[in-house]
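Notes follow once the structure below has been shown.
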Amino acid sequence: FYYQEYTPPAKAASPASHVGLQHWVFLIDANVNDYEEVPCADGTMCEGSITAHLKVKDAGFENLPPNATRIHPLVIAAHCHAPACMSLELWNRDTGELICRNEPIIGKGEKPVHDELGYVIGIPPCLWGSAAEGLSPPPVLALDTNLTTIKRVNNTNGHWGVMGLWQMRSTYV
């Protein structure tokens, strides 16, 4: 485990060593958190998708300060169930910019070493930070920014209780 001790602010010139990250969620299926994927009509491999639209300010914020005008996302992570989950994309609908795309890493090996063929190893999140940490700076999203998300799923077989949502950590500005 890696950690850093928190240092509180001493003076205006010496800010706190850490900034609190706020949690927010973008549920893809009309805020119900799960939905059904019907199977392909002919039983062959096919791709289903679900799309949702939302303003940043409506994305389930916790502790949103009344004077906040924008956010800086630092972690955006897809939550979708394997092995049907193919990808989730988060778009800034106002600019057409792709903010984040998550897709599963699928195993390619033949031995049981957490790389088994077809096994979902994980779904890496989008991360931002500082150049000193080797990360790109975070996007800046105004609270009235329009977002679109697209989830793609393998629906060769039908399944129920399919989840599709974004879990995010950000700072408020």
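The values are calculated or read from the model by the stated rules, or taken from the named source; none is laboratory data. Everything quoted here is computed from the prediction, not taken from an experiment. All Cβ positions, glycine included, derive from the backbone under ideal geometry; neighbour counts span all protein chains shown. The accessibility values were calculated without ligands, DNA or RNA, using every heavy atom of the protein model including side chains. Shrake-Rupley method; radii C 1.70, N 1.55, O 1.52, S 1.80 Å.
Table for the structure above
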| read-out | value |
| --- | --- |
| Residue selected from the stretch 36-57 under the condition of a type in the set (D, E, K, R) and modelled with pLDDT of 85 or more, by the criterion most open to solvent (accessible area, probe 1.4 Å) | LYS57 |
| Enumerated strands (runs of 3 or more DSSP E) restricted to the stretch 103-168, each holding at least 2 residues that are closer than 26 Å to HIS53 by Cα and out of contact with any Gly (no Cβ under 8 Å at 6 or more places or on another chain) | 146-154, 159-162 |
| Qualifying residue in the stretch 123-130 (condition: aromatic (Phe, Trp, Tyr) and either open to solvent by 60 Å² or more (accessible area, probe 1.4 Å) or within 17 Å of LEU27 (Cα to Cα) (or both)) | no |
| When residues of the stretch 11-26 are limited to those that are among the small types (Gly, Ala, Ser) and loosely packed, with under 11 Cβ neighbours inside 10 Å, the one modelled with the highest pLDDT | SER14 |
| Residue within the stretch 101-112 that is under 17 Å from the mean Cα position of the chain (by Cα), farther than 16 Å from VAL56 by Cβ, modelled with pLDDT of 80 or more and loosely packed, with under 15 Cβ neighbours inside 10 Å present | yes |
